[in-house]
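I have placed the structure first, in the form of structure tokens, so that the comments after it can refer back to it.
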Amino acid sequence: MSDITTIDPGGVSSATHSASSGGREKFAAHELAIVLSHFDIGVIKEIREFPRGSRKAPKLYVESESGTFLLKRRARGRDDAIKVAFSHQIQLHLAAQQYPLPHLIGTRRENNSMLQLGESIYELFEYIPGQGYNLSLEATNDSGRVLALFHKLLDGFNADYHPPMGSYHNAPAVEQGLITIGRNARDPKLRARCDVLADRYRECTLRVEGLGLNDWPSQIVHADWHPGNMLFRDNRVVAVIDYDSARQLPRIIDTANGALQFSIVGDEHIDRWPDSCDEGRLRRFVRGYDQVIVLSQAELDAMPFLMIEALIAESVFPILATGSFQRFDGASFLAMVDRKTNWLRQHSKRLIGLISE
């Protein structure tokens, strides 16, 4: 399967795209007819909206005599054909080795993995039913195992496109973002908190680099490993999705972020989020990873400090842009980040011992 089919459909462009009153993009009827004509999936039985994920990337559930599929139009800003082709190279490589992911469906004539019509890029995937993450130790363990399998199967993978190497680690934009938030804050407590977080971020960066991170080998990593990017059945990962953030980094940067995402403990009310992480889930995530790849002691020593960097970095940019993090007020969210990262820092030695057992 090659990567791209490009066709001028004579009118299928951004002008055909419509949005609902809630702001979610939709497929136009004639756009959908033209797109589906390029795929050999037989007689169509049912089509319905699939209202998940980005509102800017419309998706449809399609059932036909050949099976069930998910049709997606790429959102603006995530439709660079070269980057999409790179993402598809990764997915096709993994699919050939039975990695759990939705298989890309090739176009009718040339079996290409994406279809470019005018200004838009379309993808058709097999539809995989599954559930979300249920917080169980078994599902957590399997999430770590499948991440390690991702790293193992892509170790040494080469592509024509050279992906970015930036990450949440040692990113000058994170410190600058905190400085800007603090400078614009009216509350002196928020200004002081931004200074503390900037110092903590810098401290963790130096700690990790002192362990030798800059000399560790890099490879293709997922770079967005969190529960929302996978589907589960019976506490096993049946599908990993969203490969758009893939880049070249030391594997521990990916692994530490995954460990954070699968061990963080939250609540409906931000002030009730505990300072601690879920130590049982942290340990099981790393143990699952070790079933496939055994992390070095230096990598384990770096993990709590990378988790701190990841949590700070993830909070900064949405708050800088909008003043909030999802539904949470920015100041309240940064107060939680301060508490959690301080807890990780104070308990780092014990956590390293826990994941090293």
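Read-outs: derived from the displayed coordinates by stated rules, not from any lab. Computed from a predicted structure; not experimentally measured. Don't worry about glycine lacking a Cβ; one is built from the backbone with ideal geometry, like all the others, and counts go over all protein chains shown.
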Ordering of 104-111, 141-148, 235-242, 125-132 by packing [mean C-beta count within 10 Å, highest first]: 141-148, 235-242, 104-111, 125-132
Out of residues 5 or more away from A239 or on other chains, whose amide H comes under 5 Å of its own, with H placed 1.01 Å from N in the peptide plane? L231
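What dipole magnitude, in Debye to the nearest 20, does the chain give about its Cα centre under +1 on Lys/Arg Cβ and -1 on Asp/Glu Cβ?
On the way: 41 positive and 45 negative charges, 144 e Å.
Roughly 700 debye, rounded to the nearest 20.
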Before anything else, pin down the relative contact order of segment 155-202: Cα pairs under 8 Å, at least 6 apart, normalised by residue count, whole percent. 33 percent
The chain, Gaussian network, Cα under 10 Å: of F232, F69, F157, the residue fluctuating most is F157
In whole Hz, the Karplus estimates of ³J(HN,Hα) for segment 334-345 (6.51, -1.76, 1.60; θ = phi - 60°; x where Gly or Pro) are 5, 5, 5, 4, 4, 5, 5, 5, 5, 5, 4, 5
Residue among I41, I312, I220 with the largest mean-square fluctuation in a Gaussian network model of the chain, springs linking Cα atoms under 10 Å: I41
If contacts are Cα pairs under 8 angstrom and at least 6 residues apart, what is the relative contact order of segment 5-126 in percent? 30 percent
Computed from these coordinates, which is Rg and Dmax of the Cα atoms in Å: [x] 21.6, 64; [y] 20.6, 62; [z] 24.9, 86? [x]
Work from the charge dipole of the chain (Cβ charges, +1 for Lys and Arg, -1 for Asp and Glu, about the Cα centre) and give the residue of F285, A95, I34 farthest towards its positive end. F285
Candidates E65, E123, E31; GNM for the chain (alpha-carbon contacts under 10 Å) flags as most fluctuating E65
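With the contact rule set at Cα under 8 Å and sequence spacing of 6 or more, what percent relative contact order holds for the chain?
Normalised by residue count, the contact order of the chain is 17 percent.
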